[in-house]
1. Along the charge dipole of the chain, pointing to its positive end and built from +1/-1 on Cβ of Lys, Arg, Asp and Glu, which listed residue (70, 24, 218) has its Cα farthest out?
2. What is the local net charge at residue 118, summed over the other residues whose Cβ is closer than 10 Å to its Cβ (Lys, Arg +1; Asp, Glu -1)?
3. Can you list residues whose amide H is under 5 Å from residue 58's amide H, if they're 5+ apart or on another chain and H is modeled 1.01 Å from N?
4. Can you give the local net charge around residue 41? Use residues other than it whose beta-carbon is closer than 11 angstrom to its beta-carbon, Lys and Arg +1, Asp and Glu -1.
5. Quick query: amide H of residue 53 versus all other amide H atoms, modeled in the peptide plane; which residues come in under 5 Å with a sequence gap of 5 or more or a different chain?
6. Residue by residue, what Karplus-based ³J(HN,Hα) values in Hz, rounded to whole numbers, does segment 85-99 have, using 6.51, -1.76 and 1.60 with θ = phi - 60° and x for Gly and Pro?
7. Taking amide H positions as placed 1.01 Å from N in the peptide plane, with prolines and chain starts having none, which residues 5 or more places from residue 79, or on another chain, fall under 5 Å of its amide H?
8. What aspartates and glutamates does residue 156 reach when the alpha-carbon gap must be under 15 Å and sequence neighbours fewer than 8 apart in one chain are set aside?
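Only the coordinates and a few stated rules stand behind these numbers; no lab work does. Just so we're clear, the structure is a prediction, and the values are computed from it rather than from any experiment. We place every Cβ from the backbone using ideal geometry, glycine too, and count neighbours over all the protein chains shown.
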Amino acid sequence: MNLRSLLFFLILIPVMFIGMSIALIVSLFEQSGDFFARIASWWGRFSAALFGIAIEVTGRDNYRTDRNYLVISNHAGMADIPLLLGAMKLNLRFVAKEELGKIPVFGWTLKRSGYVMIKRGQNREALKSLLKVADVLKSGKSVHIFPEGTRSETGKLLPFKRGAFLVAQKGGVPLLPVTIIGSNLITPKKSLRINKGNVKMVIGKPLDPSQFSNVEALMEASRREIENNLRQYGGSQN
């Protein structure tokens, strides 16, 4: 553990709890969850500033802030979620583990704000809960899914799971591939350390699911986009 790790517990967690408490109260009167989305976006930028993380975003012109997408990205560190929330100018929600939804205040706020709690694994119940994302997309909000399902320790891209791409076909919105480079060095897996550093975020061009013959073709095109960006911009794919 280092100084930034202490700042996480002493500053970031209390700030997050206060923000979520306010958002939970507001959600009693504002059903859309958009107030929490704005707080979450601010929290993401605050997190980056607090820990000395510089974010360089490439490809902002590849998406429109006034429409919604199913966003996918590689997952290399715990910092990915706040960085995405702060950098993406979208009304963004995340898919989260079902267990998180049971945490008082934290989980209640996520669920009331349109985050989708899913069961882990490959069984029918897990897929059923994941398909709830399509309903959120149809309501006009953007949703993010990590198709790898877990974090990579090295930054190397892990195999994709089909669920995100089934959702893309059912959701009726474009799929927006995003590549995150360097976050595995900010928050190493199996460590409490938080390091300052630089993260590059590459936003690809949207993919129209209706233009692909099947889920596998859409999944392969998405993976190829992220792999190419990892190679081009310095990520590890060895």
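1. Towards the positive end, the residue furthest out is 24.
2. Details: positive: 97, 119, 120, 128, 132; negative: 98, 125.
Charge balance in the 10 Å sphere: +3.
3. Distant-sequence amide H within range of residue 58: 201, 202, 203.
4. Here the count lands on +2.
5. 197
6. 4, x, 8, 7, 8, 10, 7, 9, 10, 10, 8, 10, 5, 4, 4
7. Hits under the 5 Å cutoff: 187.
8. 80, 148, 225, 227
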